[in-house]
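For reference, the structure is listed below as structure tokens.
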Amino acid sequence: MQPAKHEHWSSGFTFLLAAVGSAVGLGNIWRFPYVVAENGGGAFVLIYLAIVLVFGIPLLMSELMIGRSTQKPPLMAVQQLTKGSKAQRLWGLLGWSYLLVPLGILTFYSVVAGWTIDYAIGMGLGSFNDLQDGDSARMFQELQDSPVKLIFWMTLSIGITVAIVARGLKSGLETTVKILMPALFVILIILVLYASITGDFARSFAFMFTPDFSKITPELVLMAAGQAFFSLSLGSGAIMVYGSYLTRDISIPKMAVGVALADSFVALLAGFAIFPIVFAFGVDHAAGPGLVFVTLPIVFNDMGGIGQIFGMLFFLLLAFAAVTSTISLLEPMVAQFSESGKFKRVRAAIYTGAGIWFVGIFVALSSNILKDVYPLGFIPLFEGKNIAGVIEFLAANVFMLLNGLLVALFVGWSIKRSVTLEEMGLGDSVIFKIWFMLVRFVVPLGVAFIFYDVVM
Ligand code: PFF
């Protein structure tokens, strides 16, 4: 079979839409607000933003560079850059890791994306109207307890992702982000305006931006780093493969800064869509993962008729954000299959999707039938983690960080400086030198430290 030709984004702007689409997801709208709340607000936000600046942007630049300089999907890209070097085989493992981590993430991400579709439809149909005490928590629990529902919604979420990716870069990915990203921003702005007019905006602002320095602990730094990596789609092939579709005339540093800014901005906006109403209605703001799925439906219910509309909009926003992320998680493998000539894109998308679906079933069952099955429980690090827990921990905590660490070493020490210089397009300027120093020393040491703390 002929290997598929490598395509390109229509413009820098479409790349930006797609990359921001990948970065902005459940991590920003579902996870960020509750992690901020659990970690005491302002102090966490401050550390988070610092990590985005010092680690996030340099790593985004590095991953984009690997993709763009080779014009190949992650595994082939790393292989090409190390061809002929002694460490070729070793670095090849990094390529494999970049190929497999997004698939691991996709297995649990698709399940949560499924919840958002269920909630968007449920809100629209009025299933969350007239909630009594305890109803909201009970409804969320019912979803978790139902293998049929979870698998059904997960199947739909994977099906949508496969259908989009199968259509290819231009008619699949680009068309989707061109429609969904503007819709996402409009919905988010409407929700923020509504929340700030009717809710307690001042308290939310103080909560998110007044850092209580006594709250900064090593654990908080770890949480912030994990959240930043996940939110920026680092260490997982998505940014690298999207970078490979960039043409030479586009500035990598500018794109990296654009993605980081937009992603952080949306995370903060999500906080301003949620906290003002949560504070105004006096419900618990530190409700953990249930903040969005248990607490918000109560608030929307208390708003009366209009709440149903805003509720539906909110979960639609989450579902859109999820889709523009899931497509970027499927793309690395599909590109690898089609550009290495193994399968045509459509088949590659279907086969990969089917594999994700199969593993996803075990993730979905981890909240009910297989809840108390701890496959690696005999290893202290995995104690108390069921199947979903193990996959999530390995993909999102261990390998994403490890990939980030290795990629910094790879770009900083292994790739020829002439390649880096040319790709960055900054000349031998101060900015280039700062970036180079960050990827050579600061990022690897910082991530190694975080990694050590997570794993040891
Ligand atoms: N950045 C996405 C989010 O915040 O929800 C999640 C994600 C997408 C992680 C793509 C990794 C990735 F490659």
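The values are calculated or read from the model by the stated rules, or taken from the named source; none is laboratory data. Just so it is clear, the structure is predicted and the values come from calculations on it, not from any experiment. Positions of Cβ are backbone-derived with ideal geometry, glycine not excepted, and every protein chain shown enters the neighbour counts.
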Suppose the filter is of a type outside the set (A, V, I, L, M, F, W, C), in contact with a Phe, Trp or Tyr (Cβ under 9 Å, 6 or more places away or on another chain), closer than 30 Å to Ile309 by Cα and surrounded by fewer than 24 Cβ atoms within 10 Å (Cβ to Cβ); does Gly41 pass it?
yes
Residues that are part of a loop (DSSP other than H, G, I, E, B), of a type in the set (Gly, Ala, Ser) and more than 22 Å from Gln141 (Cβ to Cβ): does the stretch 328-346 have at least one?
yes
Would you tally the residues in the stretch 191-201 being in a helix (DSSP H, G or I) and surrounded by 16 or more Cβ atoms within 10 Å (Cβ to Cβ)?
6
Please give the number of the condition Phe300 fails out of (1) buried (at least 24 other Cβ atoms within 10 Å of the Cβ); (2) touching a Leu at 6+ places or on another chain (Cβ under 8 Å); (3) not acidic (Asp, Glu).
(2)
Of everything in the stretch 356-410 that's polar (S, T, N, Q) and under 30 Å from Val439 (Cα atoms), which residue is nearest to the ligand (Cβ to nearest atom)?
Asn403
Answer yes if at least one residue in the stretch 305-319 is β-branched (Val, Ile, Thr) and in contact (Cβ under 8 Å) with a residue 40 or more places away in the chain, and no otherwise.
no
Find the residue count for the stretch 279-297, including only residues that are in contact (Cβ under 8 Å) with a residue 40 or more places away in the chain and either buried (at least 22 other Cβ atoms within 10 Å of the Cβ) or of a type in the set (D, E, K, R) (or both).
5
If we scan the stretch 317-329, do we find a residue that is at pLDDT 95 or above, within 13 Å of the ligand (Cβ to nearest atom), touching a Pro at 6+ places or on another chain (Cβ under 6 Å) and of a type in the set (A, V, I, L, M)?
yes
Determine whether Pro33 is in contact (Cβ under 8 Å) with a residue 60 or more places away in the chain, within 16 Å of the ligand (Cβ to nearest atom) and touching a helix residue (DSSP H, G or I) at 6+ places or on another chain (Cβ under 8 Å).
yes
Qualifying residue in the stretch 280-291 (condition: within 15 Å of the ligand (Cβ to nearest atom), within 29 Å of Met333 (Cβ to Cβ) and assigned to a helix (DSSP H, G or I))
no
Taking Val407 and the conditions (1) touching a residue at least 60 places away in the same chain (Cβ under 8 Å); (2) farther than 23 Å from Arg68 by Cβ, which numbered condition does it fall short on, given that it satisfies the others?
(2)
Among the residues of the stretch 202-252, what is the count of those that are surrounded by 23 or more Cβ atoms within 10 Å (Cβ to Cβ), of a type in the set (S, T, N, Q) and more than 9 Å from the ligand (Cβ to nearest atom)?
2
Residues in the stretch 7-15: is at least one under 19 Å from the mean Cα position of the chain (by Cα), within 16 Å of the ligand (Cβ to nearest atom), in contact (Cβ under 8 Å) with a residue 60 or more places away in the chain and over 21 Å from Phe393 (Cβ atoms)?
yes
Could you give me the residue pairs with C-beta distances under 7 Å whose first residue belongs to the stretch 154-165 and is closer than 21 Å to Tyr119 by Cβ, whose second residue is aromatic (Phe, Trp, Tyr) wherever it lies, and which are 6+ apart or on separate chains?
Thr155/Trp357; Ile158/Trp357
In the stretch 122-143, residues that are crowded, with 16+ Cβ neighbours inside 10 Å and either free of Cβ contacts under 8 Å to residues at least 60 places away in the same chain or not in a loop (DSSP other than H, G, I, E, B) (or both) total 8
